[in-house]
Amino acid sequence: MTTRKIVLCDDDRMRVQRWKEQLEIIPAIAEDFEIRSLTPREFATAYEALEARQLMSRKGERHSERDGAEILDEAEIVIVDFDLTPHQPSELGDQSLSQLVGSFGDVFAYLTRCYTTAGFTVLINQTYFQSTFDLTMSEFVHSFADLNISDNDLVRSALWSGTKDTAGFRPWHWPRLLSAANTVREIKSTISLDGKIFETLGLSTETVLEVFDAEQLEPLGVALERNEVEELTFGQLTEASCVFGRRSLSEKMSDGQELQLAASAFSRWLEKVVLPAQNVYIDAPHLGERRPHLVKDQGWQSLPSFDSEVVLQALKVDEISEAVTPASRFFSRPVWFWPACPSAPFDLDLSGDQRDEDLVFCEDVSAFLPVEQAVEFRSSVAGPWTQRFVSREMAERTAASGNEMIVDYRPETRFF
């Protein structure tokens, strides 16, 4: 069995070594992954090789299999810092130094996505330099990376495992990083470049035009016309007209490279644009919040889980059978087709049940809390469900306590 690899990339040798040491003590990582921290020179060599692959691709030539970037081809997860200008230029030769000066991790993430077979890319410290909850919930929608987090977040075990023991900082939009590459891999194994996107999702053109918000379709580069929606293929997701595709018309890729990029583009669109709105597909916590009659007694805190079996045990699954969707396998967590979810019966009496406390789902801690312990904010997600909640205790915390890290909430105007 091939060992799964996490590859750490930065111009700072001490930083990637610190990351490596902190990640190695997280049990779930130590059991299944080998962690490679590239030296600044190895990183510069890999970066140079990626640019060479891009140039050769534009010429229609095939790159060497051993060109310095093969460590990225082998990676399940690639983690790269945003600012790549070397802090200690003396560690690098002239060629490596010139490669990294003025370079940024988002370009590296783009090249990694287009020209390697890496599974998942994580970009560190772009915009945020400490743990931050984005109240717009849309800050990194168009990022070249699959996930954008701060240096502090990278070493949170809850990010990797998807579970936590307390109501600490763990934004619900984060994937379960240990298995994030599996989702993209599932998509890649299922789709074809000439396959139709909405047909694969099991949606008719009429349904698409009815349930999707216009903002959710715009990143795909299509006009809101019947024939364009109906004929949109996965191959078109790699085109420059799609915000998740190639950045230049001169980019030429093999079918294998295009399929890799199409799978990543499709996954990023679903996870960053479609699911946050909760208007087409809805996950378990938001379903429970809107339809509490579908949640079994004592099932509330099981809803924010990435484990399908755990979630299904907390829900009255017979009542949502019509909302089961073939699209579920393309998401990082269990989802249902929202328009098919049943409304509560008019004569339903919820008094005396688990709703004695008016629970709301808090996006920053991935947990249900009584409404008086939460703060409402207005996000920028598409569609009508823009009002969300965060933990009042977490949002009002102004200093670190013990080993806990400060979390910044911004822009604060979203609380008004």
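The values are calculated or read from the model by the stated rules, or taken from the named source; none is laboratory data. Note that the structure is a prediction, hence the values are computed from the model and not measured. All Cβ positions, even for glycine, are placed from backbone atoms using ideal geometry, and neighbour counts span all protein chains on display. The protein model used for the area step is the full one, side chains on, heavy atoms only, and it has no ligands, DNA or RNA in it. Shrake-Rupley method; radii C 1.70, N 1.55, O 1.52, S 1.80 Å.
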Options P292, P285: the member that is surrounded by fewer than 21 Cβ atoms within 10 Å (Cβ to Cβ) and in contact (Cβ under 8 Å) with a residue 60 or more places away in the chain: P292
Only one of these conditions is not met by P86: (1) part of a helix (DSSP H, G or I); (2) modelled with pLDDT under 95; (3) surrounded by 19 or more Cβ atoms within 10 Å (Cβ to Cβ). Which number is it? (1)
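Listed here are the residues, each with its yes/no results for (1) among the aliphatic types (A, V, I, L, M); (2) open to solvent by less than 10 Å² (accessible area, probe 1.4 Å); (3) at positive phi.
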| residue | (1), (2), (3) |
| --- | --- |
| F104 | no, no, no |
| V122 | yes, yes, no |
| N125 | no, no, yes |
| Q130 | no, no, no |
| L135 | yes, yes, no |
| S150 | no, yes, no |
| W160 | no, yes, no |
| T163 | no, no, no |
| P175 | no, no, no |
Checking A214 against (1) open to solvent by 50 Å² or more (accessible area, probe 1.4 Å); (2) closer than 17 Å to P276 by Cα, which single condition isn't satisfied? (1)
Scanning the range 24-50 for residues that are among the hydroxyl-bearing types (S, T, Y) and open to solvent by less than 30 Å² (accessible area, probe 1.4 Å), which turns out modelled with the highest pLDDT? S37
The residue that is farthest from P339 (Cα to Cα), considering only those in the range 370-394 that are open to solvent by less than 30 Å² (accessible area, probe 1.4 Å) and not in a loop (DSSP other than H, G, I, E, B), is M394
Scan the range 188-209 and give yes if some residue there is farther than 30 Å from E230 by Cβ, part of a loop (DSSP other than H, G, I, E, B) and open to solvent by less than 10 Å² (accessible area, probe 1.4 Å), otherwise no. no
Which of the residues spanning the range 297-338 are of a type outside the set (A, V, I, L, M, F, W, C), part of a helix (DSSP H, G or I) and more than 24 Å from the chain's Cα centre (by Cα)? Q313, D318, E319, S321, E322
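Do you know which residues across the range 257-308 are under 17 Å from F212 (Cα atoms) and aliphatic (A, V, I, L, M)?
Hits for the range 257-308 are L270, V273, V274, L275, A277, V280, I282.
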Would you confirm whether or not the range 337-348 contains a residue that is out of contact with any helix residue (DSSP H, G or I) (no Cβ under 8 Å at 6 or more places or on another chain) and touching a residue at least 60 places away in the same chain (Cβ under 8 Å)? no
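Quick check on the range 177-185. Is at least one of its residues β-branched (V, I, T), modelled with pLDDT under 90 and either more than 16 Å from the chain's Cα centre (by Cα) or closer than 30 Å to Y409 by Cβ (or both)?
So far as the range 177-185 goes, no, none of its residues is β-branched (V, I, T), modelled with pLDDT under 90 and either more than 16 Å from the chain's Cα centre (by Cα) or closer than 30 Å to Y409 by Cβ (or both).
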Members of the range 261-285 that are β-branched (V, I, T) and outside any helix (DSSP H, G or I): V280, I282
Could you list, in sequence order, the residues of the range 51-65 that are assigned to a loop (DSSP other than H, G, I, E, B) and surrounded by 16 or more Cβ atoms within 10 Å (Cβ to Cβ)? H63
